Amino acid sequence: MSGRVATATRLGFREQLRRPLLLVLLVGLPFFFITRAIASTVPQPRVVPLPGGGEVLSNMQDVHGATMAAITVAFLAGLCGLFVMQSARDADRRLVVAGFSPFQAIVPRLLQVATAVAIVVAVSLTVTALSFTPEQWGPFVLANLLIGVTFGAIGALVGALLGPLGGTYFMLFLPMLDLGIAQTPMFGDGEPSGWAQLLPGYGAHRVLVDAAFAPGFHASLELGLALIWAVAAILILALLLGREVGISAST
């Protein structure tokens, strides 16, 4: 990392630490969302369909415990991506005017979003572990990380395209529609509908369900799809922000 990027990154983190609301969102909200959801769910039996065509018998409380972590991660990561990028756009343009390349200007913001995602995932999984233990911790953690990266990048993208208000409404709506309704095994027969497979959370959420309830891993195709979504979202975000910062600074 060049000296310019390191300096901009350090100053960016210092700026975000001055925002107490962001710290409350990252640390406080997962405890409230996840523990309340698990505690308020009746543990009635529930058949959970797995990737590859298998099924396991679990209960609604465990299903809600497993999936609520993903919803929380997507929701908070998306909002963090939106707010970090919104707060930094004018500063990034000034950096380009001062001699930074667009790449050097946006890398610190991407690192800030990545750090916020890591904190959200760590806190959410720590809270989840108090009430629910997945069958496979490794894939379960990976699924939540992929959800956080994907929705964090989407949050930053829609913030750049729709502005702070429109982006906030969109990121309140998308995680609940995708992970809270379309993908969850709590509704219907537990299998995502055909249209749900087009949403960004499909692959990672199927990995999460497999990791939560199956003793072996059966979601290789879904993992590949989740990786494609995460990489594509990051690349599109980097290209859009780099172009926007470069054009704005030259006008």
Inset, instruction - Can you work out which of the residues in region 187-222 that are crowded, with 16+ Cβ neighbours inside 10 Å and without any contact (Cβ under 8 Å) to a residue 60 or more places away in the chain is nearest to the chain's Cα centre (by Cα)? - result: P200
Inset, instruction - State the number of residues belonging to region 32-78 that are more than 11 Å from M186 (Cβ to Cβ), assigned to a helix (DSSP H, G or I) and in contact with a Lys or Arg (Cβ under 7 Å, 6 or more places away or on another chain). - result: 0
Inset, instruction - Give the residues of region 140-160 that are in contact (Cβ under 8 Å) with a residue 40 or more places away in the chain and either among the polar types (S, T, N, Q) or open to solvent by 10 Å² or more (accessible area, probe 1.4 Å) (or both), sorted by residue number. - result: L142, N144, L146, V149, T150, I154, L157, V158, A160
Legend entry - Members of region 208-227 found to be touching a Phe, Trp or Tyr at 6+ places or on another chain (Cβ under 8 Å) and either among the β-branched types (V, I, T) or closer than 18 Å to T133 by Cα (or both), listed by number: L208, D210, A211, A212
Inset, instruction - Go through region 21-65 and give me each residue that's touching a residue at least 60 places away in the same chain (Cβ under 8 Å) and among the aromatic types (F, W, Y). - result: F31
Legend entry - Of the criteria (1) within 10 Å of the chain's Cα centre (by Cα); (2) modelled with pLDDT of 90 or more; (3) buried (at least 24 other Cβ atoms within 10 Å of the Cβ), which one V117 fails: (2)
Legend entry - Where a residue in region 109-131 is assigned to a helix (DSSP H, G or I) and its partner, wherever it lies, is open to solvent by 10 Å² or more (accessible area, probe 1.4 Å) and aromatic (F, W, Y), with Cβ under 7 Å and at least six apart: Q112/F13; V127/F31
Inset, instruction - Just name the residue that is most open to solvent (accessible area, probe 1.4 Å) out of those in region 42-62 that are β-branched (V, I, T) and touching a strand residue (DSSP E or B) at 6+ places or on another chain (Cβ under 8 Å). - result: V47
Legend entry - Residue that is most open to solvent (accessible area, probe 1.4 Å) [pool: residues in region 177-186 that are touching a His at 6+ places or on another chain (Cβ under 7 Å) and assigned to a loop (DSSP other than H, G, I, E, B)]: M186
Legend entry - Conditions (1) exposed (fewer than 13 other Cβ atoms within 10 Å of the Cβ); (2) under 17 Å from the mean Cα position of the chain (by Cα): number failed by W229: (1)
Legend entry - Among (1) open to solvent by 70 Å² or more (accessible area, probe 1.4 Å); (2) in contact (Cβ under 8 Å) with a residue 24 or more places away in the chain; (3) within 25 Å of V56 (Cα to Cα) - the single one L172 does not satisfy: (3)
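The values are calculated or read from the model by the stated rules, or taken from the named source; none is laboratory data. In this text, all values refer to a predicted model and were calculated from it rather than measured experimentally. Heads up, the Cβs are rebuilt from the backbone with ideal geometry, glycines too, and the neighbour counts pull from every protein chain shown. Ligands, DNA and RNA are stripped out before the accessible areas are found, and what is left, the full protein with its side chains, is counted by its heavy atoms. Shrake-Rupley method; radii C 1.70, N 1.55, O 1.52, S 1.80 Å.
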